[in-house]
Amino acid sequence: MTDKKKKKKHDDRDEFREMLELAIEDEISAVAMYSTMANMVKSEVLKCIILSIAKDEWDHARNWMTVLDMYNNDNDKDKHKR
């Protein structure tokens, strides 16, 4: 593999990892925002709906964390093969 192709592959990996990290941050920010919103309403029904949405966002964040962990482990294995 040429140096140019190696750099491109490395850049793609870095970009993908950064995208995963950004997705995690976005989901966690949404959890914080929805939790704040839930605390602003008096209606228990609205509060439950908003907190349910916050839980969905937290689940998304956990899923992205799992993807990131799996991605990092795969890349670690690739490094040891060389």
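The values are calculated or read from the model by the stated rules, or taken from the named source; none is laboratory data. Small disclaimer: the values here were computed from a predicted structure and weren't measured. Glycine gets a Cβ as well: all are built from the backbone with ideal geometry, and neighbour counts include every protein chain shown.
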Selection over the stretch 23-82 where residues are of a type in the set (Lys, Arg) and at pLDDT 95 or above yields a count of 4
By residue number, the members of the stretch 17-51 that are under 20 Å from Asn73 (Cβ atoms), surrounded by 14 or more Cβ atoms within 10 Å (Cβ to Cβ) and of a type outside the set (Lys, Arg) are Leu20, Ala23, Ile24
Listed by first then second residue, the pairs whose first member lies in the stretch 20-35 and is within 9 Å of Trp64 (Cβ to Cβ) and without any contact (Cβ under 8 Å) to a residue 40 or more places away in the chain, whose partner is buried (at least 17 other Cβ atoms within 10 Å of the Cβ) and polar (S, T, N, Q), with beta carbons under 9 Å and at least 6 positions apart or on separate chains, are none
